[in-house]
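In what follows, a structure is listed as structure tokens, so that the remarks can point back to it.
Readers should treat all values here as calculations from the given coordinates under stated rules, not as data from a laboratory. Being a predicted model, the structure only gives us computed values, none of them experimental. Virtual Cβ from ideal backbone geometry, glycine too; neighbours counted across all protein chains shown.
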Amino acid sequence: MYDSFEINTTVSRLKDITGDWLDVYDGVYLGDPYCPLLTGNLLEEKQDLFKAIKMLKSVGKKVYLSSYLTPKTDDMIRIREIIRVAIDNGIDAVEVLDLGCLYLVFRVFKNVKIHINGFVKAFNPASTDILHSYNGVRILPNWELTLEEIDRIKDESRLEVELQIHGPLPLGYSEGCLIQASDISFAKTCAGACYDNYFLQHDEILLSNAGRVIESGKDLSMINHMKEILKKGYRVFRIEARHKDNLYRKKIGNIYRRAITDILSGGKGSEELQYVHELASIGTNNYCNGYYFAKAGRDFIR
């Protein structure tokens, strides 16, 4: 475990928790919050969730459970049961993407720590302070906020900020699977079509179709801004990889681990260009800087 900073990633299924990619991460968010039909979704498989938590804890990782986005009333009993399994097996926190789930966790599980996902749409310190009163301890800011706006939340609220530094950005959500809707051969459960890299393109605009969620076609990358980010005091980071493979998780995590370690140990950043080139060799659709600089940035370098 690294004391000076924390890099987390996201995993939906037990079968993805294999290999040595875990070596470069400090914590993992478990479960696919978008689709209950995904075969092996850890939010639906109690035994798999138990095994995943045990496996991660045995190698000293922090373990967090993501909960569903926009659950229906009928889903709440099932959600409560899976959260209880996670808590009983030593989960470190529950991440909520919905105010209904926030209230459920706060009311039923009094002492569990709650992480607030960007879908909750808390845009300023005043709103994050309300979330803190519901046992919120950490927030992943909404992806349309600028770094300046996120700085205010970090400096003026009581929530720890977890900053996404790499990976696709969620742009929209659908109640149904957009991939399944285009192919009537799909069964009621899905083996993971959202992992198959479906893209939507119009002129220069590229979007990733990950089933129920539309994501940015270009991955966010902040590798060439890490000095500035670390100087501001950010120490908890997320690499979004829910619909990626383990080789992606390993390569991306390794680059950021080395870059952050180099900067915090007093390195002059002479390797920054090398890190940029390493990332460029991995991405198939290049990278973007999201909304962090007050515009929808499509360019890798600001």
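Phi angles of the stretch 23-38 translate, via the Karplus equation with coefficients 6.51, -1.76, 1.60 and θ = phi - 60°, into HN-Hα couplings of 4, 9, 10, 9, x, 9, 8, 9, x, 9, x, 9, 9, x, 8, 5 Hz per residue; Gly and Pro are given as x. Backbone amide hydrogens, once placed in the peptide plane, bring residue 198 within less than 5 Å of 209, excluding anything fewer than 5 places away on its chain.
The HN-Hα couplings worked out from phi for the stretch 200-209 by the Karplus form 6.51 cos²θ - 1.76 cosθ + 1.60 (θ = phi - 60°) are 10, 9, 9, 6, 8, 8, 10, 10, 9, 9 Hz, whole numbers, x standing for Gly and Pro. Summarising the amide proton neighbourhood of residue 217: residues at separation of 5 or more, or on other chains, whose placed amide H is nearer than 5 Å comprise 206, 207, 208. Rounded to the nearest 0.05, what FRET efficiency do residue 151 and residue 75 have when you use their Cβ-Cβ distance and R0 = 45 Å? Calculated transfer efficiency: 0.80. For residue 160, the amide hydrogen comes within under 5 Å of the amide hydrogens of 138, 139, counting only partners 5 or more places away or on other chains and with H modelled in the peptide plane. For the stretch 6-288, the share of DSSP beta bridges that are antiparallel, to the nearest 5, is 35%. To the nearest µm²/s, what D does Stokes-Einstein give for the stretch 6-288 at 37 °C and 0.692 mPa s, using the Kirkwood radius over alpha carbon pairs as Rh? In µm²/s, the coefficient is 169.
With respect to the cross-link table entries 154/244; 46/232; 72/250, which display a Cα-Cα separation exceeding 31 Å? In this structure, 46/232; 72/250 exceed 31 Å between Cα atoms.
So what is the calculated 222 nm ellipticity per residue for the chain, using -39500 (n - 2.57) for each DSSP H run with n of 4 or more, over all residues, to the nearest 500 deg cm²/dmol?
Details: 9 runs with 94 residues, N = 302.
Calculated from helices alone, the mean residue ellipticity at 222 nm is -9500 deg cm²/dmol.
In plain terms, the residue of 92, 151, 196 with the fewest other Cβ atoms within 10 Å comes first and the most crowded comes last, giving 196, 151, 92.
Per-residue packing, averaged as other Cβ atoms within 10 Å, sorts the ranges 28-38, 153-163 into the order 28-38, 153-163, beginning with the highest. Inter-label distance, residue 50 to residue 205: 4.8 nm, where each label sits 7 Å from its Cα along the C-beta direction.
Residue-wise HN-Hα couplings along the stretch 62-68, as the Karplus relation 6.51 cos²θ - 1.76 cosθ + 1.60 with θ = phi - 60° gives them from phi, are 6, 10, 10, 10, 7, 10, 5 Hz; Gly and Pro carry x.
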